[in-house]
2 protein chains.
Amino acid sequence: MATGRSHRPATRSRGIPEATVARLPLYLRALTALSERSVPTVSSEELAAAAGVNSAKLRKDFSYLGSYGTRGVGYDVEYLVYQISRELGLTQDWPVVIVGIGNLGAALANYGGFASRGFRVAALLDADTALAGKLVAGLPVRHIDELETIVADSQVSIGVIATPAGAAQEVTDRLVAAGVTSILNFAPTVLSVPDGVDVRKVDLSIELQILAFHEQRKAGDEDRQEPDGDVPAVMPA
Amino acid sequence: MATGRSHRPATRSRGIPEATVARLPLYLRALTALSERSVPTVSSEELAAAAGVNSAKLRKDFSYLGSYGTRGVGYDVEYLVYQISRELGLTQDWPVVIVGIGNLGAALANYGGFASRGFRVAALLDADTALAGKLVAGLPVRHIDELETIVADSQVSIGVIATPAGAAQEVTDRLVAAGVTSILNFAPTVLSVPDGVDVRKVDLSIELQILAFHEQRKAGDEDRQEPDGDVPAVMPA
DNA sequence: TAGATTGTTAATCGATTAACAATC
DNA sequence: TAGATTGTTAATCGATTAACAATC
């Protein structure tokens, strides 16, 4: 979660809360849909509904970006799309490499939402020499040994890891050494990285376990009269 | 996020914080690794390091589960594995259906972490009749029209959506109508569900955008002298 | 007993939300 | 002007963290 040094000039008080940053893409998606339907303006209430949050939260979030709305009217859709895109850094091009072109890596390479938002797949890398040259999503798979060259040549700063867990740390180390400073990790491992490198993790198994927890509670509430709270099968009463 | 009614008997004060629930799978994974190496006990400090959190947080988290440690000694690995598994509901079997067997759906079907934690793929479903019968991860793809029967027959309460965004809401409605009460959504859409149904969302595009935001800030700190803060290309100076 | 480490307290921090004055 | 809706305040809630007494 290190965000680098924070010696911001008081341009206009920086520091957008993480929770807000995480919701900006949600707003952007809803706004893009409105834009495609040529809707000119939208109220916080409507937009919040489309994004699945409450409107007070949305207005608070937007207040960190500036005053981009008009009281009594709402927000100009196009203008807000631009402002949020700019704030998120999507007005520039972000070359990414995907490492590990198994089922998941291929799925990611084919994912449409990539290109549409300033992200460009600079290369697909895999350790399996048998894969080299094979086309996935129109791009040739290249060997992992080309990692350093590609990251340097294409100025890649974002890496996506879709390797097995066992390979993830080594790949991370190589990416970081080559100059990558943001990593999206799909491998089920905790990665260690130096300060200044951001890691985000996507973990199917964790999400399912969280669902199971809540699911179990629902079952406990209804079926049986609660499968016995805290006391495990170890103790007498 | 609805967790159903909460008329808990004061068994021993329920209500594990969401943030804690979300970390239990992390601890469990670290503990499982220790268990495989036959490590008998572990301190909060060691386990926290392995899970990538700080030890105060870990001890606080565990305190919600009960007093499963021994002062001066640490935690018994096997016992803790069992307690956390039980708390998460992983001591029972959870049949899940995966809907949408494209690249991503296939990747999910092949994902090993599934079976290892009480999750069992009850069926793979797709709307494409051409896919029907094809084996993916050893299971035949079945037509989406079998959804209702399968959910009922296999007592499926968890559904995984890996369809295109356009199909996700309809699939959700059918899953919910058929009795599914937990949904893991990989489609980039906000789903609406009735109370009592939990939805968790995994969104590649959102994760990348969050990384881009931080990446942009790093670049702004070092390269240029900050790409001009708030004032867009619209205004003069 | 001395050393180690848990479980809990209390302080702090960050996020959410309702309410409403400002203002289009 | 009257109605609508933003932007902001302030209260509340939940999560994090350091510190340490309890206790093995």
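The values are calculated or read from the model by the stated rules, or taken from the named source; none is laboratory data. Not measured: the values here are computed from a predicted model. Cβ coordinates were reconstructed from backbone atoms using ideal geometry, including for glycine residues, and neighbour counts include every protein chain displayed. Side chains included, ligands, DNA and RNA excluded: accessible areas come from the protein's heavy atoms. Shrake-Rupley method; radii C 1.70, N 1.55, O 1.52, S 1.80 Å.
Computed quantities for the displayed model
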item: Label spacing, shortest first and in nm, from B:Gly138 to its equivalents in the remaining copies (7 angstrom along Cα→Cβ); result: 3.7
item: The range B:60-101: trypsin sites (Lys or Arg not before Pro) in DSSP loop, at most 14 other beta carbons within 10 Å; result: B:Arg71
item: Whole-number D in µm²/s for the range B:94-204 (Stokes-Einstein; Kirkwood sum over Cα pairs; 4 °C, 1.567 mPa s); result: 95 µm²/s
item: Debye log10 I(q)/I(0) for chain A, one point scatterer per Cα, at q = 0.09, 0.13 Å⁻¹; result: -0.55, -0.97
item: Total accessible surface hidden between A and B, rounded to 100 Å², 1.4 Å probe; result: 7800 Å²
item: For chain B, calculated [θ]222 nm from helices alone, where every DSSP H run of n ≥ 4 adds -39500 (n - 2.57); result: -13000 deg cm²/dmol
item: Cα-based reach from B:Lys134 at 27 Å (exclusive), listing lysines while leaving out same-chain residues under 8 positions away; result: A:Lys134
item: Farthest positive-ward along the range B:80-138 dipole, Cα basis, beta-carbon charges - from B:Leu90, B:Gly138, B:Leu125; result: B:Leu90
item: The range A:102-162: trypsin sites (Lys or Arg not before Pro) in DSSP loop, at most 16 other beta carbons within 10 Å; result: A:Lys134
item: Rg and Dmax of the range A:99-138, Cα atoms only, in Å; result: 10.3, 32
item: Rg to Rh quotient for the range B:63-145, alpha carbon positions, Kirkwood Rh; result: 1.23
item: Candidates B:Gly133, B:Gly72, B:Gly112, ranked by Gaussian network fluctuation over chain B, Cα under 10 Å, top entry; result: B:Gly72
item: Kyte-Doolittle at least 0.0, axis length at least 15 Å by Cα - qualifying DSSP helices, chain A; result: A:18-36, A:77-88, A:165-178
item: Alpha-carbon Rg with Dmax, taken over the protein assembly as shown, Å; result: 23.4, 78
item: Cβ-placed point charges (K, R +1; D, E -1), dipole of the range A:18-88 about Cα centre in debye, nearest 20; result: 140 debye
item: Using a 7 Å Cα-to-Cβ projection, B:Ser43 label spacings across copies, nm, ascending; result: 5.9
item: Inter-copy spacing of B:Ala167 label points, which lie 7 Å from Cα along Cα→Cβ, given in nm from shortest upward; result: 2.9
item: When the range B:18-87 is reduced to its Cα atoms, the Kirkwood hydrodynamic radius in Å; result: 11.7 Å
